[in-house]
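One structure follows; several queries about it will come next.
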Amino acid sequence: MDPERIFESFPAPSYRGNQEQALRDIRDAFAAGNDVVLVRAPTGSGKSLLARAIAGCARTVEESEPKHATDAYYTTPQVSQLDDVESESLLDDLSIIRGKRNYTCILPGEHDTPVNRAPCVRQKGFDCTVRHRCPYFSDRAIASSKSIAAMTLAYFMQTAGSDVFRKRDVVVIDEAHGLAEWAEMYATIELSPHTVPVWDDVGIPDVAAADDAVERASRLAETLSGVCERAKDELLTKPELTPDEAARRDRLQELRSELDWFVKDYRDPTSATTWVVDQPDGEGTKIVIKPLNPEKYLHHTVWDRGNKFALLSATILNKDAFCRQVGLDPKDVALVDVPHTFPVENRPLYDVTQGRMTYEHRDETIPKIARLVVRLMAHHPDEKGLIHAHSYSIQERLADHLVDFGVGERVRTHSKENRDAELDAWKASSDPELFLSVKMEEALDLKGDLCRWQVLCKAPYLNTSDSRVARRLEEGQWSWYHRAALRTVIQACGRVIRAPDDHGATYLADSSLLDLFERARSDTPDWFAEQVDRTKIPDLPEFDPRAALSGLDGGGPGTLGGSSSTSQNDGSGRENRGFGRRRRRGKSGVRSSEEERKNHPLSDVWGDG
Ligand code: SF4
């Protein structure tokens, strides 16, 4: 790597905000011999451009010997981040490769078939005559030969050990704050009827009731791996598979390697990984096997893939803790802090706390928050708002109250199934709709009028019934617990302010948020602490559902505090709207693994692979 090239590799014609200083600091950190540089860069610092500049410092093929790793990878856990990179003209020399399921086959009659179900993976010995034109294989060939290959972290991890995507000189990981959690998720094994194709062929014991649940799970894993192998071998005797059979074969293969990895690691006395097992519903039901310390997994899938690493994020809150979690020695890691350039007055926090939202206080607090939301709707009659409801249960209860108050026509919700469609519809709407969202604290770019205000309904603490969380708290890792929640709050606050001249208000409805700010104060970035210190109690209008609707086209006569756009109403508009925007959850009580992933706070990371 040649850090001196960082300025010439910066793709924009000029610098914005603190970019030039950030490049200088990053250059110096690598020049000082650090193999890993954390770049703490808040929203608006042009992280992707910094990433491109760092990648441009990688050793080239021309200037190195064949044995040396050359070129660079750009990777991010968030599919939306990769989409943003793809649409940015300044980054058009990044060669993007996605997972096979994102491409379709070009053979006649197969145009709707994703590449991972195409004839080349269904038929034994299939020799595709157009493979050189196949969209997936040609993108892959381009990405593997160009100087910067860009991909999701999921794809990057999956290609560990592949001949196509070998070790490179520089690896840039964008949105890297959740690297440990993402590695844990990737390495988590779920055994359920949805994820185990041979579920009915094995007896699922009550592993949680065993003296040693992990030992019992490892014996089950050995048995299950053998059953998977036999089922896969049976499929492989067929000359041609249907798409479903091809999917079954792939899943059997994938599950086998997951199970074998777990058993091998668990039985390795030198492994630093601690495994935990969850099976809340007992015999015959879903088992989840999770690693607590994914360092070993990260070594193989990430740290062995490059010589130098730049990890970029707005919310790496504590360098030493982050390094420990991902298996890096803090001594070998430099931290570059990029100051925030958005005026603090444009990103105000408001204390509108209504009580606690812990499970036992929720019945009392939710109706108060619903009334608060009506007042906020009246305060922002013409502006779109976003509610971070934290869970579908809270979302549904809030939505019910808002409908009961008569303001449902300004409210949009989403279910697990239609999450993306409703989000797109809300963003496209010209009405000042209020979107009751679940797990949208990250990877959402609501610039300008797309959203001017938002409400945090609940301090986003991790679920203590998750054995991984419970285990860490038993070990006294309370700082980690608070940091994880603070990180989500900071991410959420960044959704509504995307540029120095943008503005967006964040209302804090759960009293626990104020406690969180105190408890996590030492891990709070200065720029966010400044925001917290300026938290104000706003002057809101009284509860008046009609005023809350006054900004809708055709808003009712006699509305209070409404905008001038309400004056055309003839009284019928509101009835015609009904509550058409209200969306109910699907009836299915069974959550598939894919659905769970869709609703996970990190859902965005799973959209590829
Ligand atoms: S290699 Fe050929 S058969 Fe396979 S997906 Fe591409 S075009 Fe289809």
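Values quoted throughout were computed directly from the atomic coordinates according to the rules given, and no laboratory measurement underlies them. The shown structure was predicted, so the numbers you read here are calculated from the model rather than taken from an experiment. Glycine also receives a Cβ, built like all others from the backbone with ideal geometry; neighbour counts cover every protein chain displayed.
In nm, what is the difference between 0.36 nm times the number of residues separating VAL164 and ARG267 and their Cα-Cα distance? Provide the component values of the computation, followed by the final result.
Working: separation 103, 0.36 × 103 = 37.08 nm, distance 3.11 nm.
Answer, rounded to one decimal: 34.0 nm.
ASP233 versus SER522, label points 7 Å from Cα toward the beta carbon: distance in nm?
Taking the simple label geometry, ASP233 and SER522 are separated by 5.7 nm.
Angle check, please: helix 135-145 long axis (alpha carbons) against the longest principal axis of the chain (alpha carbons), in degrees 0 to 90, nearest 10.
Rounded to the nearest ten degrees, it is 70.
For region 323-368, rounded, prolate or oblate, judged on the Cα gyration tensor with a ≥ b ≥ c (square roots of eigenvalues), a/c < 1.5 rounded, else prolate if a/b > b/c?
oblate
Quote the relative contact order of the chain in percent (integer), defining contacts as alpha-carbon pairs under 8 Å separated by 6+ residues. Before the final figure, lay out the partial values.
Numbers: 1126 pairs, mean separation 107.5, N = 609.
With pairs under 8 Å counted, the relative contact order is 18 percent.
From the phi angles alone, apply the Karplus equation (6.51, -1.76, 1.60; θ = phi - 60°) to region 344-360 and give each ³J(HN,Hα) in whole Hz, x where the residue is Gly or Pro.
Per residue, the Karplus-derived 3J(HN,Hα) values read 4, 5, 7, 10, x, 10, 10, 8, 10, 4, 10, x, 8, 10, 5, 3, 6 Hz.
Which shape class applies to region 180-243: rounded if a/c is under 1.5, otherwise prolate when a/b exceeds b/c and oblate if not, where a ≥ b ≥ c are the square roots of the Cα gyration tensor eigenvalues?
Because a/c hits 1.5 or more and a/b fails to exceed b/c, region 180-243 counts as oblate.
Find out how many positive minus negative residues lie around CYS228, taking Lys and Arg as positive, Asp and Glu as negative, among other residues whose Cβ is under 14 Å from that of CYS228.
On the way: positive: ARG230, LYS232, ARG248, ARG249, ARG251, ARG256; negative: ASP200, ASP201, GLU222, GLU229, ASP233, GLU234, ASP250, GLU254, GLU258, ASP260.
Value of the local net charge: -4.
How much length would be gained if the chain were fully extended between ASP404 and THR464, taking 0.36 nm per residue of separation minus their Cα-Cα distance, in nm to one decimal? Can you show the working numbers first?
Details: separation 60, 0.36 × 60 = 21.60 nm, distance 3.25 nm.
Full extension of this stretch gives 18.3 nm more.
Along the Cα→Cβ direction, 7 angstrom out, place labels at PHE543 and ASP449. What is the inter-label distance in nm?
In this crude label model, PHE543 to ASP449 measures out at 3.2 nm.
Under 29 Å from the Cα of LYS67, which lysines turn up, not counting those fewer than eight places away in the same chain?
The qualifying lysines are LYS146, LYS167, LYS296, LYS308, LYS331.
Still on this structure, I have one more. Using a cut-off of 17 Å between alpha-carbon atoms, which lysines can reach LYS232, once sequence neighbours fewer than 8 places away in the same chain are excluded?
Of all the lysines, those that pass the test against LYS232 - Cα under 17 Å, at least 8 places apart if same chain - are LYS124.
Which FRET efficiency, nearest 0.05, do LEU292 and ASP501 yield, Cβ-Cβ r, R0 30 Å?
0.10
Here is a further query. Out of all DSSP beta bridges with both ends in the chain, state the antiparallel percent to the nearest 5.
Taking every DSSP beta bridge with both residues in the chain, the antiparallel ones total about 15 percent.
Right, next: Compute the long axis of helix 243-267 from its Cα atoms, compare it with the longest principal axis of the Cα atoms of the chain, and write down the angle in degrees, 0 to 90, nearest 10.
Helix 243-267 sits roughly 80 degrees off the main axis of the chain.
Between helix 392-404 and the chain, what is the angle of the helix's C-alpha long axis to the longest principal axis, kept within 0 to 90° and rounded to the nearest 10?
20
Okay, moving on. With +1 assigned to the C-beta of every Lys and Arg and -1 to the C-beta of every Asp and Glu, and no other charges, what is the dipole magnitude of region 193-285 about the Cα centre in debye, to the nearest 20? Please list the in-between numbers first.
Details: 11 positive and 22 negative charges, 56 e Å.
So the dipole magnitude of region 193-285 works out to roughly 280 debye.
Please state the shape class of region 176-318: rounded when a/c is under 1.5, otherwise prolate if a/b exceeds b/c and oblate if not, all from the C-alpha gyration tensor.
oblate
So if each residue of separation counts as 0.36 nm, and I subtract the Cα-Cα distance between GLU475 and ASP281, what length gain in nm does that give?
Numbers: separation 194, 0.36 × 194 = 69.84 nm, distance 2.52 nm.
Gain on stretching GLU475 to ASP281: 67.3 nm.
DSSP loop trypsin sites (Lys or Arg not before Pro) in region 25-62 with at most 13 other Cβ atoms within 10 Å of their Cβ, which ones?
Here no trypsin sites (Lys or Arg not before Pro) fit, given the DSSP loop and packing criteria.
Do the sum for the chain: with -39,500 (n - 2.57) for every DSSP H run of n ≥ 4, divided by all residues, what is the mean residue ellipticity at 222 nm, to the nearest 500 deg cm²/dmol?
Counting only the DSSP helices, I get -11000 deg cm²/dmol.
Specify which residue in the list ALA208, GLY99, THR274 is farthest towards the positive end of the charge dipole of the chain, using unit charges on the beta carbon of Lys, Arg (+1) and Asp, Glu (-1), about the Cα centre.
GLY99
What Kirkwood radius, in Å to one decimal, follows from the Cα pairs of the chain?
Kirkwood radius, the chain: 26.3 Å.
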